[in-house]
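The values are calculated or read from the model by the stated rules, or taken from the named source; none is laboratory data. Computed from a predicted structure; not experimentally measured. In this analysis, Cβ positions are derived from the backbone assuming ideal geometry, glycine residues included, and neighbour counts consider all displayed protein chains.
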Amino acid sequence: MTLVLNRMLRHEVILGVLLVAALIVLAGQSEHFWTADNLLNQGRLMAEVGLIALPMTFVIVTGGIDLSVGSIFGLSAILLGVFWQNMGLPLPVAMVAAILVGGIAGLGNGFIITRFKVPPLIATLATLALYRGLAEGISQARSVRGYPDWFFGLGQGEVLGVPSQLWIMIVCFVIAAFILGLTTFGRTTYAIGSNEVAARFSGLKVDRAKLLIYGASGLIAGLAAVIFVSRVSTTRSDMGTGLELDVITAVVLGGTSIFGGRGTVIGTGLGLILMQALKNGLALSGVKGDGTIVVIGAVLIAAILIGNLLSRDGD
Amino acid sequence: MTTETPALSRLVPVRRWKSFFESYGQEFVILAALVVLFVGVGFYNPRFISANNLTSMFVGNAYIAIAAIGMSMVIISGNIDVSVGSLIGVLGTISGTMAVNGYPVILCWLVPVLIGMVINAGVGVLVAYVKIPSIVVTLGMLSILKGGLISVTGGAWISGMPPEFMIAQFRLFGLPSSVYFMVVLTALAALWMKYSPFGRAIYAIGGNPEAARVTGIRIQPAIVGVFTIHGMFAGIAAILFATQLQVIQSTVPPNLELTVITASVVGGVSILGGTGTVIGSTLAAILFAAIGSSLVFLNISAYWLRAVQGLMILATVLADMARRRRI
């Protein structure tokens, strides 16, 4: 037990050192990096990925993966517009409905995975196409604009000087860290990822836990979509394309094992901040947006590479 | 009856036909779906089965079928590659840029294929020797290739390639060369997968890696080999993709990797590895092309295409899981 704890801590310490080093280097590159305005703005920009990364940590700890989050994000965003503008629902109701649709889409994933025993990678690859296809089919590539001013408070406003969505993310972060680290549900999550058969024979409700986790993944993707629409003040069906890559990179960078059974929410938080710092720092030192994708891909492979090389003696 | 062994059943002629159907069941289902689609939509709108439409359908989609051959091998070996779309985009751009800059045409065709093999051999090494799961390596490669391509080229259009470079537009006996490529490569790959020791090894590794290792198959070089061959098919696909139109946009064709994976999986390649054929994946690629084209002829918005794709992959996977449970 202490051995496991030590290993987790070790990865987070490495990550913490890496993060500090990156921050120092990036601060040296541009005087704009280390300003409150820039940092708070970065917090705003990473809130959507950060929110989805929380349930994704649970998903990957169980040994699964959810590739459909980007598509659920797009579907919820489109439906928010459709519910409000085309069906004439009041905007608050439309927001709740859009988030719930995300939850239902996530439960759909969980149902396919637990009931039909389809590997999560393939199940969510299929729903990635299906949910995005529904978003495209429903919207017919039309965008929805003209939301009322109060709606933008969620994505563009501030509470006590801090972007509103950052508060939401922090609250969700604390809840997720508490559930994974300190509750029986969290222990169940680790048990499923370490050895699913053993977890089943120990009487744990494996299927129910997975269903809840995939459902939460969809629900949070829906929430992130509503926040995103509020931030960019329009909806389009291609929103969130490739989002799953950012989310999975943050989680894996944070030390969660892609094989399951290992990982923490705090690690995910560190991975997320490191990723956003890299993106922002590179952008400030003149690298274009597409160049930063290259770096993130390379960092993803390098992080696992180093992790594998280090843990080889341990295993 | 339960004591009857499979070996015995293979000796009885009646049973042999049945087992033939069992091992190619998925291919027959797709073939039937294709026939129904062609007859049904052709009846509704005869222009669907006109030579013109069929030709443009094959020329526009043969590269997907060819990429799906390599993808099928990767999936049969128990791995996956989500970066193939980006790889095809990068190799197509390299090929087009070389052609515009006056390199010999043969080099414009061969160099991208070789680069594809080298890149994917690297992926194979990371998967087989460093033991990083293929989904992670190829997710990383996806963003490296895609981001690299766009930041180098800015997504510019390439045009002015010499006519002798446009291999996908060559015709032989009235048929576009893409069709020959698709048919010949599928046939060769199918035979090779069925009869060569290496092909059998891929099935064995995907079916049960531990058993394969104990039988003396060297798993790690085989995985690198599978990815390298997959890189070759991606390279050929990229050449056909780059030469089908007079211009190439130097970006990654959107969702190409998903279309390729879908073709493999719907074609009967089991997602759990170990089973499937490349004939199925080629048929499935044709089926997709036909569905995409038929939406136009049925006056259905093309925006629904992806939802149809998603439903099909889901239905196939569920059927596959149900069949496995019965066995």
Point to revise | Some residue of region B:273-288 being surrounded by 21 or more Cβ atoms within 10 Å (Cβ to Cβ), among the hydroxyl-bearing types (Ser, Thr, Tyr) and more than 18 Å from B:Gln26 (Cα to Cα) | key: no
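Being hydrophobic (A, V, I, L, M, F, W, C) and in contact (Cβ under 8 Å) with a residue 24 or more places away in the chain narrows it down to one residue among A:Ile138, A:Ile170, A:Ile122; which is it? Before the answer, list the steps.
Details: A:Ile170 fails: in contact (Cβ under 8 Å) with a residue 24 or more places away in the chain; A:Ile122 fails: in contact (Cβ under 8 Å) with a residue 24 or more places away in the chain.
On inspection, the qualifying residue turns out to be A:Ile138.
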Review point. Which condition does A:Lys205 not pass, out of (1) charged (D, E, K, R); (2) over 17 Å from A:Val299 (Cβ atoms); (3) in contact (Cβ under 8 Å) with a residue 24 or more places away in the chain, if it passes all the others?
Key: (3)
**Study point:** Criterion violated by A:Phe151 - all others in (1) closer than 14 Å to B:Leu311 by Cβ; (2) surrounded by fewer than 23 Cβ atoms within 10 Å (Cβ to Cβ); (3) hydrophobic (A, V, I, L, M, F, W, C) satisfied
**Key:** (1)
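Let me confirm something: among B:Val137, B:Val179, B:Val127, B:Val105, which residue is touching a Phe, Trp or Tyr at 6+ places or on another chain (Cβ under 8 Å), surrounded by 20 or more Cβ atoms within 10 Å (Cβ to Cβ) and not polar (S, T, N, Q)?
Working: B:Val137 fails: touching a Phe, Trp or Tyr at 6+ places or on another chain (Cβ under 8 Å); B:Val179 fails: surrounded by 20 or more Cβ atoms within 10 Å (Cβ to Cβ); B:Val105 fails: surrounded by 20 or more Cβ atoms within 10 Å (Cβ to Cβ).
From the options B:Val137, B:Val179, B:Val127, B:Val105, the qualifying one is B:Val127.
Could you list, in sequence order, the residues of region A:125-183 that are of a type in the set (Ser, Thr, Tyr) and assigned to a helix (DSSP H, G or I)? Before the answer, list the steps.
Initially, region A:125-183 is screened for residues of a type in the set (Ser, Thr, Tyr), giving A:127, A:131, A:139, A:143, A:147, A:164, A:183.
The answer is A:Thr127, A:Tyr131, A:Ser139, A:Ser164.
Can you tell me which residues in region B:172-185 are assigned to a helix (DSSP H, G or I) and either within 14 Å of chain A (Cβ to nearest Cβ) or of a type in the set (A, V, I, L, M) (or both)? Show your work before the answer.
To start, the set of residues in region B:172-185 that are assigned to a helix (DSSP H, G or I) comprises B:177-185.
The answer is B:Val179, B:Met182, B:Val183, B:Val184, B:Leu185.
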**Study point:** All positions within region B:134-171 that are assigned to a helix (DSSP H, G or I) and away from chain A (no Cβ under 14 Å)
**Key:** B:Pro163, B:Glu164, B:Phe165, B:Ile167, B:Ala168, B:Gln169
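Of the residues that sit in region A:228-256 and are touching a Leu at 6+ places or on another chain (Cβ under 7 Å) and over 23 Å from A:Ile293 (Cα atoms), which one is surrounded by the fewest Cβ atoms within 10 Å (Cβ to Cβ)? Quick ask: steps written out before the conclusion?
So in region A:228-256, the residues touching a Leu at 6+ places or on another chain (Cβ under 7 Å) come out as A:229-230, A:235, A:244-245, A:248-250, A:252-255.
Subset that is over 23 Å from A:Ile293 (Cα atoms): A:230, A:235.
Details: A:Ser230: 21, A:Thr235: 28.
That would be A:Ser230.
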Exercise for review: Just give me the residues in region A:85-109 being away from chain B (no Cβ under 14 Å), under 12 Å from A:Leu211 (Cβ atoms) and not aliphatic (A, V, I, L, M), in sequence order.
Suggested key: A:Gly103, A:Gly106
**Study point:** Hey, B:Leu91 surrounded by fewer than 24 Cβ atoms within 10 Å (Cβ to Cβ) and over 21 Å from B:Ala201 (Cβ atoms) or not
**Key:** no
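Report yes if B:Val105 is within 14 Å of chain A (Cβ to nearest Cβ) and out of contact with any strand residue (DSSP E or B) (no Cβ under 9 Å at 6 or more places or on another chain), otherwise no.
Details: within 14 Å of chain A (Cβ to nearest Cβ): no; out of contact with any strand residue (DSSP E or B) (no Cβ under 9 Å at 6 or more places or on another chain): yes.
Criteria not met by B:Val105.
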Exercise for review: Hey, could you check region B:109-133 for residues that are in a helix (DSSP H, G or I) and without any contact (Cβ under 8 Å) to a residue 60 or more places away in the chain and say which is nearest to the other protein chains (Cβ to nearest Cβ)?
Suggested key: B:Leu126
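Does A:Leu91 meet the test of being over 30 Å from A:Ile273 (Cβ atoms), of a type in the set (A, V, I, L, M) and touching a Pro at 6+ places or on another chain (Cβ under 8 Å)?
On the way: over 30 Å from A:Ile273 (Cβ atoms): yes; of a type in the set (A, V, I, L, M): yes; touching a Pro at 6+ places or on another chain (Cβ under 8 Å): yes.
Answer is yes for this residue.
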Revision key, fill the gap. Listed by range, helices (runs of 4 or more DSSP H) wholly within region A:226-315 having at least 3 residues that are touching a residue at least 12 places away in the same chain (Cβ under 8 Å) and at the interface with chain B (Cβ under 9 Å from one of its Cβ atoms) are A:243-253, A:289-314
**Study point:** Members of region B:37-80 found to be assigned to a helix (DSSP H, G or I), crowded, with 16+ Cβ neighbours inside 10 Å and among the small types (Gly, Ala, Ser), listed by number
**Key:** B:Gly42, B:Gly60, B:Ala62, B:Ala65, B:Ala67, B:Ala68, B:Gly70, B:Ser72
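Consider A:Phe116 carefully, then state whether it is surrounded by fewer than 23 Cβ atoms within 10 Å (Cβ to Cβ) and at pLDDT below 90.
On the way: surrounded by fewer than 23 Cβ atoms within 10 Å (Cβ to Cβ): yes; at pLDDT below 90: yes.
The answer is yes for A:Phe116.
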